[in-house]
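Just below is one structure, and these are the notes that go with it.
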Amino acid sequence: MATRVLQRVSTGLKQTQNRLQASGQVTVVVRGLSAIREDSWFKSLFVRKVDPRKDAHSHLLAKKEDNNLYKVQFHNVKPECLEEYNKLCEDVLPSIHADPEYPCELVGTWNTWYGEQDQAVHLWRYRGGYPALTEVMNKLRQNKAFMNYRNERGKMLLSRRNQLLLEFSFWNEPVPRSGPNIYELRSYQLRPGTMIEWGNYW
């Protein structure tokens, strides 16, 4: 709306200037609106400058990325293969956890009870953040026992997905507990810009 008004005013001034110059009565100097400088008071009426945030909210609430990085694996298993899958994981995953060559720890592994059925969940912690994750993934590609495990596991799965997570600065690290235990996994989808407020409530 304001742009249309300004265009009409500018057009009207140019037409008046042309008529007056043609009749030879008065010389009029018209300064185009496009020549107004950015810092002028006129432009400040229509443009509001907002300083962008330097850090993402997730960086303000989370511990440093080189501390710990977590990976949650969700594996949807064929119902008839769940026991065989659990046995396969029991044989292979603790050996990776115990090997000092891999900067990762298996914090926990579970089967779901409510929600997704026949699902296995594994929580890994990578000491050293993203570089540690990359190191582990590269080393596992050279590990024949793990590659055999992946091939066998693939025959039992319907689908799988991963999530990479950073820990909040105001919570302690999760520690393994002697079981059996029941855990609740929750996900929150926040409105943009409300993560700090949400974190303060926690």
Checklist entry - Could you give every pair whose Cβ atoms fall below 6 Å, whose first residue belongs to region 78-99 and is over 15 Å from Asp118 (Cβ atoms) and hydrophobic (A, V, I, L, M, F, W, C), and whose second residue is modelled with pLDDT under 95 and not in a helix (DSSP H, G or I), counting only separations of at least 6 or pairs across chains? => result Leu93/Leu106; Ile96/Tyr102
Checklist entry - Are there any pairs with C-beta distances below 6 angstrom linking a residue in region 182-202 that is modelled with pLDDT of 85 or more to a residue that is not in a loop (DSSP other than H, G, I, E, B), with the two at least 6 apart or on different chains, and if so which? => result Leu190/Trp198
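Residues being at pLDDT 90 or above and not basic (Lys, Arg): count how many of those fall in region 47-99.
28
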Checklist entry - Is region 157-166 home to any residue that is open to solvent by less than 60 Å² (accessible area, probe 1.4 Å) and either in a strand (DSSP E or B) or among the small types (Gly, Ala, Ser) (or both)? => result yes
Item to check | Single residue of Glu90, Glu105 found to be part of a helix (DSSP H, G or I) and open to solvent by 20 Å² or more (accessible area, probe 1.4 Å) | outcome: Glu90
Checklist entry - In this structure, does Asn138 turn out to be more than 19 Å from Val72 (Cβ to Cβ) and at pLDDT 90 or above? => result yes
Next on the checklist: So in region 118-177, with the set limited to residues that are in contact with a Pro (Cβ under 8 Å, 6 or more places away or on another chain) and aliphatic (A, V, I, L, M), which one is nearest to Pro94 (Cα to Cα)?
Outcome noted: Leu123
Next on the checklist: Can you tell me which of (1) touching a helix residue (DSSP H, G or I) at 6+ places or on another chain (Cβ under 9 Å); (2) at pLDDT 85 or above is the one Phe170 doesn't meet?
Outcome noted: (2)
Checklist entry - Take the residues of region 108-139 that are open to solvent by 70 Å² or more (accessible area, probe 1.4 Å) and part of a loop (DSSP other than H, G, I, E, B): which is farthest from Glu84 (Cα to Cα)? => result Tyr114
Checklist entry - Taking the condition part of a loop (DSSP other than H, G, I, E, B) and surrounded by 13 or more Cβ atoms within 10 Å (Cβ to Cβ), does Pro180 pass? => result no
Checklist entry - Restricted to region 82-127, and to residues that are among the β-branched types (Val, Ile, Thr) and farther than 15 Å from Ile182 by Cα, which residue is farthest from the chain's Cα centre (by Cα)? => result Val92
Next on the checklist: Can you pull out every residue in region 184-195 that is open to solvent by less than 100 Å² (accessible area, probe 1.4 Å), assigned to a loop (DSSP other than H, G, I, E, B) and not small (Gly, Ala, Ser)?
Outcome noted: Leu190, Thr194
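The values are calculated or read from the model by the stated rules, or taken from the named source; none is laboratory data. This structure is a prediction, so every number in the text was calculated from the model and none was measured. Note: ideal-geometry Cβ built from the backbone for every residue, glycine included; neighbour counts use all protein chains shown. Surface areas here come from the heavy atoms of the whole protein model, side chains and all, with no ligands, DNA or RNA. Shrake-Rupley method; radii C 1.70, N 1.55, O 1.52, S 1.80 Å.
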